[in-house]
Structure formats: structure tokens, C-alpha cells
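**Student:** Sharing a structure here in C-alpha cells format.
What follows is calculated from the coordinates using simple rules that are stated; it is not laboratory data. Everything numeric in this text was worked out from a predicted model, so none of it was measured. Backbone-built Cβ (ideal geometry, glycine too); neighbour counts: all protein chains shown.
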Amino acid sequence: MPRNKDLKRLVRARMKKTGEAYTAARAHIIRKPRTRPSTRLVAAMSSASKQDYAALAGMSDASIKAKTGCTWERCDGSYEATKSRTFDVPVTTLYDAWADKSVRDRWLESPDAKVRTATVPKSIRLGLADGSILAVGFLPKGRAKSSVAVSQLKLPDKETATRLKQYWSERLDALGDVLSER
């Protein structure tokens, strides 16, 4: 009879989710404190199924908040600003507009943005000079249509988040202009 059956089940689930080796996954699980998730998190997870998350990329921020119960303030007390947009270009073209610095500099007024991580053509994380992190996700919506979701993390207050939400709306408009030139 196997010992620590529950631990092994958790380790194998993490291995499947992250692609880690057994020992690495086990180390992460053992290191994690066993806490119960917050009531808000459980409610948000149960209110939107896995299929709904794919649909969320095309929804407005207000609709996402209404559906999931998410707020601008994060658990650590920082804030985030999010914005999404759908463009009539393939996902690879949209991804390249973010990944290629020469194209990015034409529409993004932040020449100091540095790519931290990238998964072609799914996501990019950029580090900005002010210390905030920009997480960008891409979703194909057919052959010639795709969506981008931008989330700027580690913001100090709600006013900054509101201002940056407007900024990202303007920058995504500028991105649309650059993409229409292609």
C-alpha cells in the first residue's frame, strides 16, 4: 500500500500542470504552506469555468469584473491596470508588433521596456523603468483575427491604475494604426 498517497497525487498534478520533474514538483509542494484559498478566489473560480476564461479575453474589463468578482487591488496591496483589444491581424503579426523592438518603439512610448520572458505567440512579460511589470497575453480568434490583453502590475494606487488604463487604451489605438499600415 502506497504511503503519502495524497502527496504523490498533488506532486503528479503539479508535474502535469507545469512540466516539472517529480523532485522539483515535490519540493514546491512541500515548501508551500497549506492555507485555504480566500472566499473571493473560490467564488471567482467557481463562477467562471475553464471555457469561460478563453471568452474573457474578448470582454470589456467591466464585464470581466462583473463575471469574476475581481477588483483592481491585488492581495499584496498593489494595484493593476488592464486593457484588451481585438485586431484584424493574425496572432503572429500581433505578437511580432510587441516582440520586435523596432516596431514596438513606433507605437509604445516606452523605449526602456525590456522583454523579461516570452512564449511565442502566447505571451510576453516586459519590465518597465518604474519597476512595474507588463504582462501581455495573445489569443487567436481565427486565421486573421487576434486579441491582446495587457495587464500592468505592481502599481502604487488606484489613481495610477486609472491613469494607466487610459494610457493603454491610447497605446492600443496607436498599435492598431501601426498594424493597419502593414
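**Student:** To make sure I understand, if each residue's beta carbon is the centre and we count other beta carbons within 10 Å, what order do 30, 124, 133 fall in, fewest to most?
**Tutor:** Lowest count first: 30, 133, 124.
**Student:** A further question follows. Starting from the Cα gyration tensor of segment 72-181, take the square roots of the eigenvalues, sort them a ≥ b ≥ c, and report rounded, prolate or oblate (rounded when a/c is under 1.5, otherwise prolate if a/b is larger than b/c, else oblate). Could the numbers behind the result be given before it?
**Tutor:** Values: a/c = 1.71, a/b = 1.62, b/c = 1.05.
Taking the square roots of the gyration eigenvalues as a ≥ b ≥ c, segment 72-181 is prolate.
**Student:** Next up: Mind running the shape call on segment 98-152? Use the C-alpha gyration tensor, a ≥ b ≥ c as the square roots of the eigenvalues: rounded below 1.5 for a/c, prolate if a/b tops b/c, oblate otherwise.
**Tutor:** Prolate, since a/c reaches 1.5 and a/b exceeds b/c.
**Student:** Further, regarding this structure: Can you tell me, using C-alpha contacts under 8 Å and at least 6 residues apart, the relative contact order of segment 72-181 as a whole percent?
**Tutor:** 36
**Student:** Among 181, 109, which comes first, then next, by fewest other beta-carbon atoms within 10 Å?
**Tutor:** Lowest count first: 181, 109.
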